Ligand SMILES: [Zn+2]
């Protein structure tokens, strides 16, 4: 019987932007079972050919699996979505996760970014669902779109009991979504969103009994119904009115917006995503991290690992989210304090900008690794800012710019014996059904690419650590 499952997190090198992926495997690392991507964009990579090696790399490491099980786009800024076109050319998407953001707020982005009428960004911001469906249509498309509703502070209940090993069949993503119909005011507000599913606050998305994703969409201030109606009316004219009138309508919309809504930082929209093993079943799981810098050309030359404490294996992606003290408290309540105590990896908000952070944030999260995805020389923003980096200094800050970074780990299913302590851990640390790196090399290990090759290295490393006390 299988007793192990594996996972990895990968932060790809995209300069000033973010492109993160992760994967779950059953015992055979050549067969990825569940692949996810969080954001895929960069201001450093404007042209599609820049994306090609990275997307090809992801495809290779997925061993030909041309389906992303979960694609999450945190928000609508260029530096988080410019690679999506290239991504959707190569992959089909099973579930696309987007934050529900009302039209009037998306228009805030239009004005903040000075988006022009005829640009792709305009179509995306006005009607994200149609835009993304059209983009994916030439390939296999997107099977379902899930909008994450703003959080009311309710956290998903923790799972009780012990996990059953996931079945052989395809691993699926389940959640307590409801299908939206045309009469739903939220749907009317989100462009052509009939058929999308809505994920309420306090609901997790689960991959079998193995893994959970919890999304957090920070609630924002409200505006009057009159304002919303005026915005909807004018947007209709923008989309379907006479072409020559459109520039005028847009200017009117901008004036209405600026006279009504206080000027806010447009990066305020960003969906947080927590991913990790379903607790508290996992008394024995490990996260490996270290000098695993990875070049786009898959140069895996410099690998040396450390093994983290058990149980603290999860990842929190923040996109360009804000975490002031109040924001942090609300987010913590919405994830549940236990989840945040399990963080192995934190993607630091907004490329390490001081505006999205507060002093002491790092001590509250205490991740094993903190990832800064940015190019300090790009665009005059100089991310990450020194004070943010200093705050995260004890938590292994890693700069992802021209070199990527990856981590991996192992989940050990509790054996039937009464104890799952270090003895059991040692006994299970070297999975008998998984070939060693040496065996892989003999049996055609050179056919393993990208993350699969890297997972083989992790397994070899785990074997070396077999039986040692984990710190
Ligand atoms: Zn950004």
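For segment 109-134, how many residues meet the condition of being assigned to a helix (DSSP H, G or I), away from the ligand (no atom under 16 Å from the Cβ) and either within 29 Å of residue 201 (Cβ to Cβ) or not assigned by TED's automatic domain parsing to the domain that holds residue 350 (or both)?
Residues that pass the stated criteria total 12.
Given the criterion on the phi > 0 side of the Ramachandran plot and touching a helix residue (DSSP H, G or I) at 6+ places or on another chain (Cβ under 7 Å), identify the matching residue among 153, 195.
Of the residues listed, the single one that is on the phi > 0 side of the Ramachandran plot and touching a helix residue (DSSP H, G or I) at 6+ places or on another chain (Cβ under 7 Å) is 153.
Are any residues in segment 32-61 crowded, with 17+ Cβ neighbours inside 10 Å and free of Cβ contacts under 8 Å to residues at least 60 places away in the same chain, and if so, which ones?
Within segment 32-61, 35, 37, 40, 41, 42, 45, 50, 51, 55, 59 qualify.
Return a yes/no flag: does segment 385-404 have any residue that is surrounded by fewer than 24 Cβ atoms within 10 Å (Cβ to Cβ), within 16 Å of the ligand (Cβ to nearest atom) and more than 19 Å from the chain's Cα centre (by Cα).
yes
Of everything in segment 198-221, what is on the phi < 0 side of the Ramachandran plot and part of a loop (DSSP other than H, G, I, E, B)? Give them in sequence order.
Passing the criteria: 200, 201, 203, 204, 209, 210, 217, 218, 219, 220, 221.
Hey, residue 101 hits all of (1) within 16 Å of the ligand (Cβ to nearest atom); (2) over 28 Å from residue 314 (Cβ atoms) but one; which does it fall short on?
Failing condition for residue 101: (2).
Can you tell me which condition residue 15 does not meet? The list is (1) in contact with a helix residue (DSSP H, G or I) (Cβ under 7 Å, 6 or more places away or on another chain); (2) farther than 27 Å from residue 191 by Cβ; (3) within 16 Å of the ligand (Cβ to nearest atom), and all the others hold.
(1)
Residue by residue, here is whether (1) outside any loop (DSSP other than H, G, I, E, B); (2) in contact with a strand residue (DSSP E or B) (Cβ under 6 Å, 6 or more places away or on another chain); (3) touching a residue at least 60 places away in the same chain (Cβ under 8 Å) holds:
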{"site": "372", "(1), (2), (3)": "yes, yes, no"}
{"site": "377", "(1), (2), (3)": "no, no, no"}
{"site": "384", "(1), (2), (3)": "no, yes, no"}
{"site": "388", "(1), (2), (3)": "yes, no, no"}
{"site": "394", "(1), (2), (3)": "yes, no, no"}
{"site": "402", "(1), (2), (3)": "no, no, yes"}
{"site": "405", "(1), (2), (3)": "yes, yes, yes"}
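I need the full set of residues from segment 342-360 which are away from the ligand (no atom under 16 Å from the Cβ), under 29 Å from residue 286 (Cβ atoms) and surrounded by 15 or more Cβ atoms within 10 Å (Cβ to Cβ), in order please.
Within segment 342-360, 342, 343, 344, 345 qualify.
Only one residue in 320, 326, 363, 375 is more than 16 Å from the ligand (Cβ to nearest atom), at pLDDT 90 or above and either assigned by TED's automatic domain parsing to the domain that holds residue 72 or at negative phi (or both), so which one is that?
363
The values are calculated or read from the model by the stated rules, or taken from the named source; none is laboratory data. Everything numeric in this text was worked out from a predicted model, so none of it was measured. Note: ideal-geometry Cβ built from the backbone for every residue, glycine included; neighbour counts use all protein chains shown.
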